[in-house]
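A short write-up of the structure that comes next.
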Amino acid sequence: MRRREFLVGAALLAGTMARGRAAADIPAPSPEGLDRITAYFDNEVTSGRLPGAVILVQQHGKPVYLKTFGVRDTRTGLAMTSDTIFAIHSMTKPITCLGAMMLIDEGKLALTDPVSKYVPLFADTKVGIEVTEPDGKLKLDLVPPVRPVNIEDLLRHTSGISYDYIGGKWVEQAYKAANIFEGQFNNREFADRIARLPLARQPGTLWRYGHSTDVLGAVLEIISGQTLYEFLKQRILDPLGMTSTKFALATEGELARMARPLPNDFILLAGERDRLDHPEWQSGGGGLLSTITDYQRFAQMLLNGGEFEGKRYLSPAAFKAMTTDHIGPGSGVGRDYFYFPGDGFGYGYGLAVRTDPGNAKPPPPGSLGELKWDSGSGTYFGVDPKLDMVYLMMQQTQNERSRITPAFKALVYDCYPEGLRRP
C-alpha cells in the first residue's frame, strides 16, 4: 500500500474510532479560542467589510459554538439570525453528488455510464485544442475525445466541461459566444447547450471546475422522472430535515430571511440577478439556498459515514467511494492553476479530501481525511473525523471570501491543542 493511501486510511479509521469513543476522549474547543472567532467576525462587521455572518462549530453531534454577526441586509438593517437563508452556490455540488451516489448505490446509475446514454448530444462532443499557425495566429482545432465523458468525470470534475471564466481565452470566448444562459431553460436544455461546446481537455486528464455538476443534475432528472428539486427533496432534504433548502423562495417570510452582500460586491450581486432571472433553472452545481442549521445536518451525515438519526443515505462502500481521493497519483488526472481543492487535498465525488499535509511549512491547519467545500458566495463547511467535528460559515461576500475563509479555518483549529491542529 502506498504511503499516501495508508495515511488517508489511517485518518478515516481514526475518525471512525473517534465517533465510537466517549466525548471526553476528544478535547472540546477552548473557550479562549472560540472568543477569538467572535472577536474576528465582530471586527469584520464593525469595519464594514462584511454585512453579517453565522458561524457554527459542532462536536459529537451538538453545537459548541453558534453565533450570529451583523445584519442580513444593510438595506433593511434586519439582524442576522440562525435561520437566515444564504445562496450557497457551489456548496450545492456535494448535495447533488450525494443524490448521484444514491442512484449508483441502487444500481440505477454507473460510474462508467457514458453521459450520452442520458444526454445523447454528448455523443458528438469534441475536444478543443488551441494551435498556433505558421503565421503566428491562434486557431481552435476540434478533435474527437479519446473516450466518452462518463458519470465519474461529472462527479470528479474531469469531464473537460469548464466555466466560462476558467482556462484559456478560447474557452471564455466559446462559452460566451454560445450564450448558454440565454432565455429560459431547464436542466435538460442546459445540458444540451453544454454538450454542443468543445471540451477544454480530454476526458479524465485534468481536474477542471465547471458545469459538470449541472449536467449531473440533468442526469438525475432523467433517471428519476422528477425535477432535480423534487428528487433532492424526496431523497435527501426532507429526510435530513433540511426544510429551508430549496432553489427558489416562495413566501414573503422566506424572502425576508434572505442574506444579501454589500452594495459594492458587484460580482456576487450580478450572480444573484442571474439566479433570479432563471427561476426555472435548478442548477445542481450552484443553485441551492440554505441555512446554517440545515446544512449542518448534511455535514453531520457525512461525519457519521453516510447516516443521520437512524437513516442511512449511502452504503459504507458508496460512502467510502464518495470520500476517497480519485484524482491523485496514478489516476492520470493533472492539476493546474485552477485546482481549487488546494494544496494537500485530493478530490472524491463532490468533496475535497485531505490526503497529505501539503507543501507549506508549517502545513495549513486540519486533519488527514477531513472533507470540505466552499462557494463563490463565501459559504464554507468542513468535516473532521479526527476531532468528530463539523464547522460551517455562512456569509455573502465574493470580495472578501478568499481572505476570510482561511482565517476562519485557522481560528477553528486554534481552539485545539497544538498536536491536533495540523495533519
Roughly speaking, what is the centre-to-centre gap between the range 61-92 and the range 145-220 when only Cα atoms are used, to the nearest Å? 32
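In terms of the Cα gyration tensor, with a ≥ b ≥ c the square roots of its eigenvalues, is the range 192-270 rounded because a/c is under 1.5, prolate because a/b exceeds b/c, or oblate? Each step should come with its number before you reach the end.
Working: a/c = 2.55, a/b = 1.28, b/c = 1.99.
Note, shape of the range 192-270 comes out oblate.
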Suppose each label sits 7 Å from its Cα in the direction of the beta carbon; what would the V131-I267 distance come out to in nanometres? 3.4
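Give me the number: length gained by fully extending Q173 to N359, i.e. 0.36 nm times residue separation minus the C-alpha to C-alpha distance, one decimal in nm. It would help to have the intermediate numbers written out before the result.
On the way: separation 186, 0.36 × 186 = 66.96 nm, distance 3.45 nm.
Full extension of this stretch gives 63.5 nm more.
Could you order Y165, Y40 so the one with the most accessible surface comes first? Probe is 1.4 Å.
Working: Y165 145, Y40 50 Å².
Largest to smallest exposure gives the sequence Y165, Y40.
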Just for the Cα atoms in the range 136-282, what are the lengths along the principal axes, largest first, rounded to whole Å? 58, 40, 26
For E230, E307, E252, E44, give the ranking by accessible area with the largest first, probe 1.4 Å. E252, E230, E307, E44
Can you give me the solvent accessible area of M322 with a 1.4 Å probe, rounded to the nearest 10 Å²? 0
What are the ³J(HN,Hα) values, in whole Hz, obtained from phi via the Karplus relation 6.51 cos²θ - 1.76 cosθ + 1.60 with θ = phi - 60°, for each residue of the range 142-159 in sequence order, with x given for Gly and Pro? 10, 10, x, x, 5, 7, x, 5, 10, 5, 4, 4, 5, 5, 10, 6, 10, 7
To the nearest 20 Debye, how big is the dipole of the range 273-423 about its Cα centre, given +1 on the beta carbon of each Lys and Arg and -1 on that of each Asp and Glu? 180
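What does the charge count near L420 come to, summing +1 for each Lys or Arg and -1 for each Asp or Glu among other residues with Cβ under 10 Å from its Cβ?
Working: positive: K386, R421, R422; negative: D384, E418.
Value of the local net charge: +1.
Kindly sort D124, D105 by accessible area of their heavy atoms, largest first, with the probe set to 1.4 Å. Present the calculation step by step, with values, prior to reporting the outcome.
Values: D124 105, D105 65 Å².
Heavy-atom accessible area, descending, gives D124, D105.
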Approximate spin-label separation A250-R75, in nm, with each point projected 7 Å along Cα-to-Cβ: 2.4
Below 8 Å between Cα atoms, with a sequence gap of 6+, how large is the relative contact order for the range 356-423 in percent? 35
To the nearest 10 square angstrom, what accessible area does K108 show with a 1.4 Å probe? 120
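With a ≥ b ≥ c taken as the square roots of the eigenvalues of the C-alpha gyration tensor of the range 199-239, please select rounded if a/c is under 1.5 and otherwise prolate if a/b is larger than b/c or oblate if it is not? Before the final figure, lay out each step's value.
Values: a/c = 3.78, a/b = 2.50, b/c = 1.51.
Because a/c hits 1.5 or more and a/b exceeds b/c, the range 199-239 counts as prolate.
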Rounded to whole Hz, the Karplus (6.51, -1.76, 1.60) HN-Hα couplings of the range 357-371, x for glycine and proline: x, x, 8, 5, 10, x, x, x, x, x, 9, 4, x, 5, 10
How large is the direction-averaged shadow of the alpha-carbon convex hull of the chain, in nm²? 21.4
Listed here are the pairs K62/K386; K233/K372; K139/K169; K93/K372; which of them are more than 19 Å apart at the Cα? K233/K372
Accessible area (Å², 1.4 Å probe, nearest 10) - R260: 60
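Mind running the shape call on the range 291-339? Use the C-alpha gyration tensor, a ≥ b ≥ c as the square roots of the eigenvalues: rounded below 1.5 for a/c, prolate if a/b tops b/c, oblate otherwise. Provide the component values of the computation, followed by the final result.
On the way: a/c = 5.18, a/b = 1.73, b/c = 3.00.
It is oblate, given that a/c is not under 1.5 and a/b is not larger than b/c.
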Nitroxide proxy distance, nm - points 7 Å out along Cα→Cβ at L142 and A123: 1.7
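Roughly speaking, what is the stretch gain from E32 to S315, that is 0.36 nm per residue apart minus the C-alpha to C-alpha distance, in nm to one decimal?
97.9 nm
For Cα pairs less than 8 Å apart in space and 6+ apart in sequence, what is the mean separation divided by the residue count of the chain, i.e. the relative contact order in percent? Please list the in-between numbers first.
Numbers: 826 pairs, mean separation 104.0, N = 423.
Over the chain, the number comes to 25 percent.
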Ellipticity estimate at 222 nm from DSSP helix runs (n ≥ 4, -39,500 (n - 2.57)) divided over the chain, nearest 500: -10000 deg cm²/dmol
Computed on Cα atoms only, the convex hull of the range 264-369 has an orientation-averaged projected area in nm² of 10.2
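The values are calculated or read from the model by the stated rules, or taken from the named source; none is laboratory data. Since this is a predicted model, take the numbers as computed values, not measurements. Note that each Cβ is placed from the backbone with ideal geometry, even for glycine, and that neighbours are counted across all protein chains shown. Accessible surface areas use protein heavy atoms only, side chains included; no ligands, DNA or RNA. Shrake-Rupley method; radii C 1.70, N 1.55, O 1.52, S 1.80 Å.
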